[in-house]
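Below is one structure; the comments refer to it alone.
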Amino acid sequence: MLVLALVFALLVAVGTPVAIAMIASSGFVIWQEGIPLSLVAQRIFAGLQSFPLLAVPLFTLAGSLMNESGISERLFAFTRAIVGHIRGGLAQTAIIGNVFLSGISGSSIADTAATTRVLVPQLERSGYSRAFGAALSASAGTLGPIIPPSILMVLYAWQANVSLGALFIAGLIPGVVMAGAMATVIMILARIRNYPTSGAFRASVLWATFKRAIWALLMPVIIIVGFRLGAVTATEIAGIAALYSALIGIFVYRTLKWSSLPHILTTTARETAVILMIAGAASPFSWILGIEQAPQLVVQTLTAVSSEAWVILLILNVALLIVGMFVETIAVMIILVPILLPLLTTLQIDLVHFGIVLLVNLVIGQLTPPVGVLLFVSITIAKVTMGQILREVWPFFLGLIMALALITYLPGLSIWLPHVLGF
């Protein structure tokens, strides 16, 4: 196991893609043990032969179709009509808008790109700094994987063998808690920096923008109701979401052109390939960790420190935040979940609750360099420097850490709603 970890760490340190590093380190250990290397290929394909994984490309396609349809502009106009009249209201639009946007795309990167592209120019014209707009957009993008649908939830449910419907419902309240923490940060900054309002509240504008956004707002409702009624599986609801997105974009909003479909399908295929390549590469990697009894070693080590669940959760939160700074989100999840499952079972920690805790940790990691993918997306679009965005993002980071603490130690925030709805 030590050889596996050292080879993997060395390859990642020199810039090798995570999937290739996992395959190469696994192959090296298998070759060293005298086992035929064909086992690597067998484990990769075996790891991908899972029906729930079909939801990954379908949810990715649904998000791409909705984003290409100009949904983000409609949603931000609607949320601006709700909160634009308060001080710092235009900044609050990014947070509230991403609550709705997350229920459509499920991708933090896509949401950050859309928010940066639409709102940063508006924020700059209203007196906000461009760096603040970029930091706000990146921070608001963290809601993407927490509020359903979420590709990361699909992967976690597949690994931990928990109900995807329960996991989707479980993310709703924690997502609101995170949004509330960031909205509070904006309220404080708005007072300190005297941010402007965006005009008076007008019910007619709210109603007009609501009508323009209604079809987009219905998509997360369809997903949750479909799961609650038990009428469809995760894969089937993903297919319905993709079909719904295409129909709305082409025939209702008429903003999605047939000529755009090849580009959308190509983008979806590329993004799906990256996700599934990591998932497949993790299979031989996890197999070796299992053979070397890594899960049992983790259980013994951490329970020797403390047998209290709250202490173990604190240790895991700190460790995950650190790991998330250096390793890509999906790779962290796929590598660590099989190792941690026996520990969670031993301590009787609810797997749905821990899934939300894990996801919140991972999305916060997307805000921290050197692998802060949301920072890089926002920097590229907003044309600001890393130093500028880091000076503006730290209040949001602290707010999200406080939200993480609440979500970790108040498990009812995650598991109450699924229980009420019968999951």
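Dipole size in debye (nearest 20) for the chain around its Cα centre, Lys and Arg Cβ +1, Asp and Glu Cβ -1?
1560 debye
Taking 0.36 nm per residue of separation and subtracting the Cα-Cα distance, what length does fully extending Glu33 through Ser307 add?
Once the chain is fully extended between Glu33 and Ser307, it gains 95.1 nm.
What Kirkwood hydrodynamic radius do you get for the chain when you take the inverse of the mean 1/r over all pairs of distinct Cα atoms, in Å?
22.1 Å is the Kirkwood radius here.
How much net charge surrounds Phe78 when only the other residues with a Cβ under 14 Å from the Cβ of Phe78 are counted, with Lys and Arg +1 and Asp and Glu -1?
My count for the surroundings of Phe78 gives +4.
When a/c reaches 1.5 or more, the comparison of a/b and b/c decides; with that in mind, is the range 142-202 rounded, prolate or oblate per its Cα gyration tensor?
Since a/c reaches 1.5 and a/b is larger than b/c, the shape of the range 142-202 is classed as prolate.
Report the net charge of residues surrounding Gly88, where surrounding means a beta-carbon distance below 9 angstrom and charges are Lys +1, Arg +1, Asp -1, Glu -1.
Around Gly88, the charge tally is +3.
Using a ≥ b ≥ c from the Cα gyration tensor of the range 231-367 (square roots of the eigenvalues), is it rounded, prolate or oblate, where a/c under 1.5 gives rounded and otherwise the larger of a/b and b/c decides, a/b for prolate?
Taking the square roots of the gyration eigenvalues as a ≥ b ≥ c, the range 231-367 is prolate.
If I model a spin label as a point 7 Å beyond the Cα along the Cα-Cβ vector, how far apart are those points for Arg193 and Ala273 in nm?
Each label point lies 7 Å from its Cα, and together they span 4.0 nm.
Roughly what angle does helix 261-291 make with the longest principal axis of the chain, taking Cα atoms, 0 to 90 degrees, to the nearest 10?
Here the helix axis deviates by roughly 30 degrees.
Classify the range 89-221 from the C-alpha gyration tensor, please: rounded if a/c falls under 1.5, else prolate or oblate depending on whether a/b exceeds b/c.
Verdict is prolate for the range 89-221.
Among 340-353, 275-288, 162-175, how do they line up by average Cβ neighbours within 10 Å per residue, starting with the highest?
162-175, 275-288, 340-353
Using a cut-off of 13 Å between beta-carbons, work out the net charge of the residues near Val120 (Lys and Arg +1, Asp and Glu -1, Val120 not included).
The answer is +2.
Just how many % of Cα pairs in the range 8-100 lie over 14 Å apart, if you round to the nearest whole percent?
Distances greater than 14 Å cover 77 percent of the Cα pairs.
In whole Å, what is the distance between the alpha-carbon centres of the range 301-366 and the range 242-282?
Each part's Cα centre sits 31 Å from the other's.
With a 10 Å radius around each residue's Cβ, average the other Cβ atoms per peptide and rank 154-161, 305-312, highest first.
The most tightly packed comes first, giving 154-161, 305-312.
Counting only helical runs of four or more DSSP H residues, what would the 222 nm mean residue ellipticity of the chain come to if each run contributes -39,500 (n - 2.57) and the total is spread over all its residues?
Helices in the chain give a 222 nm mean residue ellipticity of -25500 deg cm²/dmol.
When ranked by the protection proxy of mean other Cβ atoms within 10 Å per residue, highest first, what sequence do the peptides 137-150, 108-121, 181-194 form?
Going from most to least packed, we get 137-150, 108-121, 181-194.
Which of Val221, Val99, Val363 moves most in a GNM of the chain, Cα contacts under 10 Å?
So, out of Val221, Val99, Val363, the one fluctuating most is Val221.
In bins 5 Å wide, starting from 0, what share of all Cα pairs of the range 113-159 does each bin hold, as a percent?
Here the calculated profile for the range 113-159 is 4, 23, 21, 15, 12, 10, 8, 4, 2, 0.
May I ask for the distance between the Cα centers of the range 370-423 and the range 1-46, given as a whole number of Å?
32 Å
A short reminder: the numbers here are calculations on the coordinates, not readings from a lab. Remember, predicted model here, so these are calculated numbers, not experimental data. Here the Cβ is made from the backbone with ideal geometry for all residues, glycine too, and neighbour counts use every protein chain on show.
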